[in-house]
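Below is one structure; the comments refer to it alone.
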């Protein structure tokens, strides 16, 4: 009897210890092998409350560049959850797909012209861009592998949003100008349009899906970044191809702080009720 009590007590203590150390699960991880990129890509997935593969309900998908756990996935997942609460209702319940990076300077840049020179403040980082120029392959990955995989694996509908900041904002800008049909909502912050002497600002936007909306924001980030972000908004507005283009200058934010508050504001703008 004594030993039985000891065993029962030990099991009780062990169970409580294990309960106290139970993992908090925010989402789950998928791994997709990309033939286009020749590598495995990690996808961090956040599903809305009540999501069921057996339900007839379908959901919009938000694709997050810089979507690793140690990048922007965790805090953007929190925003997605908060904005979709029924008492907030600034975003419909949505699936979040965080695309973790392997080489963001390769994937988010297109080949620069031979005469391109880095801006003075960035010249010291030039060696880090030795693999630059792979954005065309990354766009093919998104279009031909990633989106079909997500649509097959999850209960999705036709609504697709892309979020990108800094170099990921450059990538988002290239998509919105060259392949805007891939998404119908874009959230672009502090895009690194200095790449290749701002050449993206000199191309004619392609035809987007009907009703496509774009939110662009920049903080107090210096004359070049602020000028380029404004220039992108004007380019898209002038094209008259997009249903709505918002631009916001957020002087209380800088390059390091703008992402979270800007995405929260973008959710309100993009999903405002008529």
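The values are calculated or read from the model by the stated rules, or taken from the named source; none is laboratory data. The structure displayed is predicted, hence computed values, not measured ones. All Cβ positions, even for glycine, are placed from backbone atoms using ideal geometry, and neighbour counts span all protein chains on display.
Of all residue pairs spaced 6 or more apart or on separate chains, those with beta-carbon atoms under 8 Å, a first member in region 184-199 that is at positive phi and a second member that is buried (at least 21 other Cβ atoms within 10 Å of the Cβ) and assigned to a strand (DSSP E or B) are 190/165; 190/217; 190/218; 190/219. Candidates are the residues of region 137-159 that are over 30 Å from residue 54 (Cβ atoms) and touching a helix residue (DSSP H, G or I) at 6+ places or on another chain (Cβ under 7 Å); the one that is surrounded by the fewest Cβ atoms within 10 Å (Cβ to Cβ) is 139. Within region 123-133, is even one residue buried (at least 19 other Cβ atoms within 10 Å of the Cβ) and part of a loop (DSSP other than H, G, I, E, B)? Yes: region 123-133 contains one or more residues that are buried (at least 19 other Cβ atoms within 10 Å of the Cβ) and part of a loop (DSSP other than H, G, I, E, B).
So for region 30-47 (the condition being under 17 Å from the mean Cα position of the chain (by Cα), surrounded by 10 or more Cβ atoms within 10 Å (Cβ to Cβ), under 29 Å from residue 141 (Cα atoms) and at pLDDT below 95), does at least one residue qualify? Among the residues of region 30-47, not one is under 17 Å from the mean Cα position of the chain (by Cα), surrounded by 10 or more Cβ atoms within 10 Å (Cβ to Cβ), under 29 Å from residue 141 (Cα atoms) and at pLDDT below 95, which makes the answer no.
A quick yes/no check of all residues on (1) modelled with pLDDT under 95; (2) touching a strand residue (DSSP E or B) at 6+ places or on another chain (Cβ under 6 Å); (3) more than 20 Å from residue 167 (Cα to Cα):
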site	(1), (2), (3)
194	no, no, no
199	no, no, no
205	no, no, no
208	no, no, yes
213	no, yes, yes
227	no, no, no
233	no, yes, no
241	no, no, yes
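Okay, residues lined up against (1) within 18 Å of residue 172 (Cα to Cα); (2) surrounded by 13 or more Cβ atoms within 10 Å (Cβ to Cβ); (3) within 18 Å of the chain's Cα centre (by Cα):
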| position | (1), (2), (3) |
| --- | --- |
| 73 | yes, yes, yes |
| 87 | no, no, no |
| 93 | no, yes, yes |
| 96 | yes, yes, yes |
| 101 | yes, yes, yes |
| 110 | yes, yes, no |
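Just to be sure, is residue 162 under 20 Å from residue 200 (Cα atoms), touching a helix residue (DSSP H, G or I) at 6+ places or on another chain (Cβ under 9 Å), at pLDDT 95 or above and surrounded by 15 or more Cβ atoms within 10 Å (Cβ to Cβ)? Criteria met by residue 162.
Of the residues in region 165-181, not one is touching a residue at least 12 places away in the same chain (Cβ under 8 Å), crowded, with 22+ Cβ neighbours inside 10 Å, over 22 Å from residue 112 (Cβ atoms) and in contact with a strand residue (DSSP E or B) (Cβ under 7 Å, 6 or more places away or on another chain). Candidates in region 244-274 are the residues that are more than 18 Å from the chain's Cα centre (by Cα) and at pLDDT below 95; of these, the one that is farthest from residue 61 (Cα to Cα) is 274.
Per-residue answers, yes or no, for (1) touching a helix residue (DSSP H, G or I) at 6+ places or on another chain (Cβ under 6 Å); (2) assigned to a loop (DSSP other than H, G, I, E, B):
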{"residue": "187", "(1), (2)": "yes, no"}
{"residue": "209", "(1), (2)": "yes, yes"}
{"residue": "215", "(1), (2)": "yes, no"}
{"residue": "226", "(1), (2)": "no, no"}
{"residue": "234", "(1), (2)": "no, no"}
{"residue": "238", "(1), (2)": "no, no"}
{"residue": "254", "(1), (2)": "no, yes"}
{"residue": "264", "(1), (2)": "yes, no"}
{"residue": "267", "(1), (2)": "yes, no"}
